[in-house]
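A.B. asks: Take this structure first; my questions come after.
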Amino acid sequence: MRKIILLFFVLFTVSVFSQSEEYSIVVKDIETLLPIENAAVVVLKTKQILLSNKEGKVTFVLNGSSSLEISETDYEKVTLRWGPLKPDLFVVYLKNNKTKLDEIVVSKVNPQKVLQKIVANSADKLASSYRLKVYVREFFKLDNQYSYYNDGLVNFQFSGKPSTTLLVEQNRSYGLLETDVSADLKGYDLNNIMENYADFKYFDPLLEPKAKKEYDFIVKGHPKNKDYYVMIITPLDKAKEAVDNFEIIYDTEKKLIVEFTIDITPQNLDKMEEKSTVNAKNITKSFIKVNYRIDREDYYLLSSNEEIAYNLILKEEVKKIHVRNSFITTNFNRQNFTYSESDVFKDKSLFNKKNKILTNYWDVSGFTATDEEKAIVSSLEFKL
């Protein structure tokens with residue numbers, strides 16, 4: 001009897017998995033026919049979240065059928081019923097949401113005060129109990145050559161404060177790094193970066209009283225979404241230390257941040273003093289873009305992209321270092337997961353963690369790699 005039950009279970013399992021199909025969708029602008037990057041595609045049956053890549057593409061595996069919700073800040077939201085979708089490439093067109101002129105908003109409230117309020121409200125909304133399943137990846141360049149790559153499927157548990165508990169489900173690392181610069185190429189501190197996204201640490205310089213003497217604050221209506229305002233913050237010419245440009249998009253009614261971008265223009269880089277001491281870092285590029293998702297009463301990190309490049313001064317040479325990091329939330333859940341203390345990942349990054357590959361998790365990670373990215377990963381895997 002036990003063998004019969006086991007055989008039934010195996011056959012049932014095979015049958016279930018045989019019904020699973022892989023689907024690919026490309027999201028495009030209906031007017032320009034160009035691919036739309038960072039469009040959120042939610043599989044309503046499983047609540048899985050996917051994000052379109054530079055080619056506008058998402059890929060996922062599903063057993064059965066489900067409607068899809070597709071949205072992007074600049075476009076009208078679309079709900080795609082399952083009927084026309086087939087297990088091959090399917091194109092979805094989004095209509096540009098041109099509903100408001102790019103006009104300056106006149107208000108009696110100082111823009112810095114507005115920023116303080118929306119940051120406080122957004123951080124307070126994020127300070128609740130929930131968990132995020134996140135696909136994280138990092139590309140490393142050394143002297144203009146890709147030399148290292150890692151990615152992983154991880155869970156962040158929030159408990160009503162910025163600090164998080166991190167558990168790693170699967171991970172992989174490929175490539176080699178030189179020992180004399182490995183300390184600089186150990187990747188981002190995953191817990192620290194997630195906490196920064198939760199409490200908006202990046203905005204600290206803007207919230208201080210002296211920021212009014214360093215930055216120019218302008219609020220405009222979002223040119224493509226009537227529900228949003230855009231706050232543009234740029235360093236004043238007389239600013240001595242401020243070099244970052246900020247663009248913050250927020251929901252005017254809910255007072256929640258939906259997106260922010262921080263970068264340094266070439267003009268501002270020229271203002272930075274060149275350092276020559278050993279181990280000094282001269283920044284050549286800095287870019288951060290973070291998106292949040294508002295889903296009825298839920299509010300959480302959707303995705304992030306950070307990129308930093310700098311010249312590392314060594315005793316006899318200069319090393320060019322370039323790091324690109326991405327977070328993509330694939331699932332949001334209000335239920336806490338159970339774990340033992342030994343399961344908690346306490347290192348800073350996935351750099352030194354032994355590879356743990358149970359499935360091809362990167363194929364259904366919520367972010368579909370471009371052909372160029374796949375080639376980079378394959379080349380580093382082969383070298384290893």
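A.B. asks: So which residues in the stretch 148-174 are of a type in the set (Gly, Ala, Ser) and crowded, with 20+ Cβ neighbours inside 10 Å, if there are any at all?
C.D. replies: Passing the criteria: 152, 173.
A.B. asks: I would also like to ask the following. In the stretch 311-327, what residues are over 15 Å from residue 188 (Cα atoms) and touching a strand residue (DSSP E or B) at 6+ places or on another chain (Cβ under 9 Å)?
C.D. replies: 311, 312, 313, 318, 319, 320
A.B. asks: So which of 316, 341, 372, 381 is among the acidic types (Asp, Glu) and closer than 25 Å to residue 275 by Cβ?
C.D. replies: Only one candidate passes the filter, namely 316.
A.B. asks: Okay, next question. For the stretch 280-316, name all the residues that are at pLDDT 90 or above and not in a strand (DSSP E or B).
C.D. replies: 297, the sole residue that qualifies.
A.B. asks: If I go through the stretch 20-49 residue by residue, how many of them are part of a loop (DSSP other than H, G, I, E, B) and not aliphatic (A, V, I, L, M)? Steps first, answer last, please.
C.D. replies: The first filter runs over the stretch 20-49 and keeps only residues part of a loop (DSSP other than H, G, I, E, B), leaving 30-34, 36-39, 44-47.
Still in the list and also not aliphatic (A, V, I, L, M): 31-32, 37-38, 45-47.
Qualifying residue count, the stretch 20-49: 7.
A.B. asks: Looking at the stretch 344-366 only, could you name the residues that are modelled with pLDDT of 85 or more and either outside any loop (DSSP other than H, G, I, E, B) or in contact with a His (Cβ under 8 Å, 6 or more places away or on another chain) (or both)?
C.D. replies: 344, 356, 361, 362, listed by residue number.
A.B. asks: Would you mind listing the strands (runs of 3 or more DSSP E) fully within the stretch 179-269 where at least 2 residues are within 23 Å of the chain's Cα centre (by Cα), under 28 Å from residue 349 (Cβ atoms) and modelled with pLDDT under 95?
C.D. replies: none
The values are calculated or read from the model by the stated rules, or taken from the named source; none is laboratory data. As the structure is a prediction and not an experimental result, all values here were calculated from the model. No Cβ is skipped: glycine too gets one built from the backbone with ideal geometry, and neighbour counts run over all protein chains shown.
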